[in-house]
């Protein structure tokens, strides 16, 4: 049967469905920044992402356990990110603790996506350090909103059964399993990336680390495609930002363009297009605290370095797993 061609009414319906969510997002971020400080706004973005992704999530445990773990994890990674700023080696220890905890949390996630708000959150919390009263407000927000997200998760999933008791979160695992291999690859690579960036004194280690998180996805079919697309999409995103905000759009209209771009991003499914948007959005924030040219070059360089690290890790660990299996291929679902 031939598929009916979509009319303008169909597209309008999709837009109207997304609009309330977008309005909620704008209100949430604006309210968060008002109460917890503009310098902590990125934490508000992560908490919003966590709310939207984790409301109906299945971690494999009972809803009470999962809800508690969500709150504990947001609070924990916020605290570890603050402690990581105390020094290079102290930071390395904090990174290792955070990775081990987060990967243990999502070990029974069958959707292979629940790690994202926590991993992106930790990287961004480290990438946007605060101190003094701002740090107190950050932790307060993680306690209040992180707990609220856990409660929402509990309420919406009360009827959900438990596939695993809580004690199995720390049960021994086998490196013959695809999930354990992915977790090892991502955890080791991300810790080393954060450590390397901080040791080099790279101003935006966060952008290197986010590239690693994006490219070392547990979705095997996506890995190689993303590795080819990441850098070209980053270059286009930087070029788009430089052209629009450098030449075409007056400063008085730029905030409107950012708002419109944010709404349009809700309809993006392509990794290539989404990466272009992410580069554009990241530069909007970065240029508030550094010159435009510096932000663009750091964005490009950070993504190139992060991509090289991720590709190298992919092939290095693939060789390790292949050798362990005696030459056999492995699967995430093994």
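No value in this document is a laboratory result; all are computed from the given coordinates. On a predicted model such as this, the values are computed, not experimentally measured, just so you know. Glycine also receives a Cβ, built like all others from the backbone with ideal geometry; neighbour counts cover every protein chain displayed.
Placing a pseudo-label 7 Å from each Cα along the Cα-to-Cβ vector at residue 220 and residue 10 gives an inter-label distance of 3.4 nm.
Normalised by residue number, the volume inside the convex hull of the Cα atoms of region 175-334 is 107 Å³ per residue. The distance linking region 242-302 with region 168-237 is 23 Å (Cα centroid to Cα centroid, whole angstrom).
Ordering 293-301, 101-109 by mean Cβ neighbour count within 10 Å, with the highest value first, yields 101-109, 293-301. Comparing 241, 173, 74 in a Gaussian network model of the chain where C-alpha atoms under 10 Å apart are linked, the largest mean-square fluctuation is found at 173.
Assuming a ≥ b ≥ c are the square roots of the Cα gyration tensor eigenvalues, decide whether region 141-188 counts as rounded (a/c under 1.5), prolate (otherwise, with a/b larger than b/c) or oblate. Oblate shape, in that a/c is at least 1.5 and b/c is the bigger or equal ratio. In this label model, residue 266 and residue 163 are separated by 3.0 nm, measuring between points 7 Å along each Cα→Cβ vector.
Among 308, 42, 70, a tally of other beta-carbon atoms within 10 Å of each Cβ gives an order, fewest to most, of 308, 42, 70.
Averaged over residues, the count of other Cβ atoms within 10 Å places the peptides 258-270, 79-91, 202-214, 227-239 in the sequence 202-214, 227-239, 79-91, 258-270, highest first. Take each peptide in 245-251, 49-55, 156-162, 189-195, count the other Cβ atoms within 10 Å of every residue, and average; sorted highest first, the result is 189-195, 49-55, 156-162, 245-251. Think of it as helices only: each DSSP H run of n ≥ 4 in the chain is worth -39500 (n - 2.57), and spread over all residues that comes to -24500 deg cm²/dmol at 222 nm. One quarter of the surface of the convex hull around the alpha-carbon atoms of the chain equals 20.1 nm², the direction-averaged projected area.
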